[in-house]
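The next block holds one structure in the form of structure tokens; read it before the comments.
The values are calculated or read from the model by the stated rules, or taken from the named source; none is laboratory data. All figures in this text were calculated on a predicted structure; none of them were measured in a lab. Every residue, glycine as well, gets a Cβ built from its backbone with ideal geometry; the counts of neighbours run over all protein chains shown. Heads up: the accessible areas ignore ligands, DNA and RNA and are worked out on the full protein's heavy atoms, side chains in. Shrake-Rupley method; radii C 1.70, N 1.55, O 1.52, S 1.80 Å.
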Amino acid sequence: MEIWDLRVFVAVVEDGGLSAAARRLHISQPSLSQTIQALEKHLDVQLLTRSSTGVAPTAAGMTLLGEARAVIARYDQALAAMAKHSPRAGRSLRVGIPLELPPQPLSHGLASLAAAFPLTVVEVRHMSTARQIEALRAGELDLGLVRERPTGERLDVSTVIEEPLGVLLAVEQAEALEIVDGGVRLDRLSGLQWLGFPRDGSPAWYDEVTAVLRSHGVQPGPPASYTQDLLPELKLAAVSAGGKFALAPAGRFAPLPESVCWLALAGRPLVRRTWVVWPAESRRRDLAHLVAALEDMARNGTNQCGRGSPLEDSP
């Protein structure tokens with residue numbers, strides 16, 4: 001019986017189900033099921049009862065839960081005590097993120113990293129995409145989350161988030177729009193001003209967005225009007241006043257005010273991607289673990305009015 005087996009069992013009990021625990025531990029559900037079955041066989045007891053609503057520990061399972069938590073705590077305490085003797089103690093992993101990022105992928109990835117590499121100290125730095133790519137090439141970052149795919153052979157890249165963008169509008173304007181194919185057509189926004197972001201923060205993503213807008217008859221507006229650092233509350237107030245729109249994925253952060261509506265865009269003309277990028281020559285196991293955890297994350301979106309996501313269209 002390994003320490004990992006105990007961590008798996010505790011996760012299943014705490015999450016109340018196999019699929020939730022598998023997501024938490026970043027392993028497949030069949031692999032997790034095999035671990036539980038092997039544990040029950042090794043101990044010669046039934047640890048869990050299964051039902052349509054999830055799993056629950058048996059009396060034997062409750063006994064193991066208490067013992068497992070104590071063993072895991074003692075094991076982690078031993079690691080921490082020995083960490084001060086390691087020449088790698090306090091080794092930092094410098095991670096760059098854009099100013100706006102869905103919280104779940106990074107938080108789940110960092111939790112997985114902390115469990116697997118407790119000696120690694122993560123330094124999170126908020127940077128635009130362009131600045132992150134510069135820092136990666138200069139050796140000032142170990143990993144970046146960026147909104148455009150960098151070119152060249154010195155950096156490895158993997159897509160970790162894909163978010164179909166919808167549109168935030170004043171409710172009065174949204175109610176006047178026809179919904180087709182599950183969303184509003186982008187060309188129906190002609191005449192409204194896009195609340196965008198400066199090109200220098202993410203040139204390729206900016207060019208993609210403005211090209212798609214123009215191809216649907218929507219003029220992006222003068223670059224001087226773009227406000228990358230505008231607080232979500234101020235952006236929402238600008239949208240609520242009418243005459244403007246913002247691009248956003250569904251279902252993020254605090255509820256929208258009643259005066260603002262989120263609608264999907266018909267045909268998904270704009271999909272914002274986030275790439276994880278790291279130096280190709282890196283051989284760090286902790287970095288590789290974080291990349292693998294981030295690659296497991298996926299996002300979905302739905303229509304919302306008067307509730308859901310403030311703005312996620314910055315570089």
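Output the number of residues of the range 24-56 satisfying the condition of being free of Cβ contacts under 8 Å to residues at least 60 places away in the same chain and either open to solvent by 100 Å² or more (accessible area, probe 1.4 Å) or in contact with a strand residue (DSSP E or B) (Cβ under 6 Å, 6 or more places away or on another chain) (or both). Step through it out loud before you land on a result.
From the range 24-56, those free of Cβ contacts under 8 Å to residues at least 60 places away in the same chain are 27-56; that's our starting set.
Add one more test, that the residue is either open to solvent by 100 Å² or more (accessible area, probe 1.4 Å) or in contact with a strand residue (DSSP E or B) (Cβ under 6 Å, 6 or more places away or on another chain) (or both), and what stays is 34, 37, 41-42, 44, 46, 48-50, 52-53, 55-56.
Residues flagged as free of Cβ contacts under 8 Å to residues at least 60 places away in the same chain and either open to solvent by 100 Å² or more (accessible area, probe 1.4 Å) or in contact with a strand residue (DSSP E or B) (Cβ under 6 Å, 6 or more places away or on another chain) (or both) within the range 24-56 amount to 13.
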Restricting the range 123-137 to residues that are out of contact with any helix residue (DSSP H, G or I) (no Cβ under 9 Å at 6 or more places or on another chain) and under 16 Å from Ser92 (Cβ atoms), the one surrounded by the fewest Cβ atoms within 10 Å (Cβ to Cβ) turns out to be Glu123
Helices (runs of 4 or more DSSP H) lying entirely in the range 19-119 (those with 3 or more residues that are of a type in the set (Ser, Thr, Tyr)):
29-43
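Consider the range 148-200. How many of its residues are out of contact with any Cys (no Cβ under 6 Å at 6 or more places or on another chain) and farther than 30 Å from Glu281 by Cβ?
Filtering the range 148-200 for residues out of contact with any Cys (no Cβ under 6 Å at 6 or more places or on another chain) gives 148-168, 170, 172-173, 175-200.
Remaining after also requiring farther than 30 Å from Glu281 by Cβ: 163-168, 170, 172-173, 175-199.
Of the residues in the range 148-200, 34 are out of contact with any Cys (no Cβ under 6 Å at 6 or more places or on another chain) and farther than 30 Å from Glu281 by Cβ.
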Select from the range 57-78 the residues that are in contact with a helix residue (DSSP H, G or I) (Cβ under 8 Å, 6 or more places away or on another chain) and modelled with pLDDT of 90 or more and write down the one among them that is nearest to Ala20 (Cα to Cα).
Pro57
Number of the exception - Thr120 against (1) closer than 30 Å to Met82 by Cβ; (2) within 20 Å of the chain's Cα centre (by Cα); (3) open to solvent by less than 30 Å² (accessible area, probe 1.4 Å):
(2)
Consider Ala115 against the criteria (1) under 30 Å from Leu247 (Cβ atoms); (2) in the same structural domain as Ala130 (by the TED database): it satisfies all of them except one. Which criterion is unmet?
(1)
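Condition check ((1) open to solvent by 20 Å² or more (accessible area, probe 1.4 Å); (2) of a type in the set (A, V, I, L, M); (3) free of Cβ contacts under 8 Å to residues at least 24 places away in the same chain; (4) part of a loop (DSSP other than H, G, I, E, B)) across all residues:
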| residue | (1), (2), (3), (4) |
| --- | --- |
| Leu247 | no, yes, no, no |
| Pro255 | yes, no, no, yes |
| Pro269 | yes, no, no, yes |
| Trp275 | yes, no, no, no |
| Trp278 | yes, no, no, no |
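Could you tell me which of the residues Val157, Val184, Val167, Val218 is β-branched (Val, Ile, Thr), under 25 Å from the mean Cα position of the chain (by Cα), open to solvent by less than 50 Å² (accessible area, probe 1.4 Å) and within 13 Å of Pro269 (Cβ to Cβ)?
Working: Val157 fails: within 13 Å of Pro269 (Cβ to Cβ); Val184 fails: under 25 Å from the mean Cα position of the chain (by Cα); Val218 fails: under 25 Å from the mean Cα position of the chain (by Cα).
Going through Val157, Val184, Val167, Val218 in turn, the sole match is Val167.
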Being closer than 30 Å to Arg154 by Cβ, open to solvent by 20 Å² or more (accessible area, probe 1.4 Å), in contact with a Leu (Cβ under 8 Å, 6 or more places away or on another chain) and modelled with pLDDT under 90 is the requirement here; does Gln228 meet it?
yes
Result of the Cβ filter at 7 Å on the range 136-152, keeping first residues that are in a helix (DSSP H, G or I) and partners that are surrounded by 21 or more Cβ atoms within 10 Å (Cβ to Cβ), at least 6 apart or interchain, is Leu136/Gly144; Leu136/Val277
Could you grab me the full set of residues in the range 143-197 that are of a type in the set (D, E, K, R) and within 16 Å of Trp278 (Cα to Cα)?
Arg147, Glu148, Arg149, Glu153, Arg154, Asp156
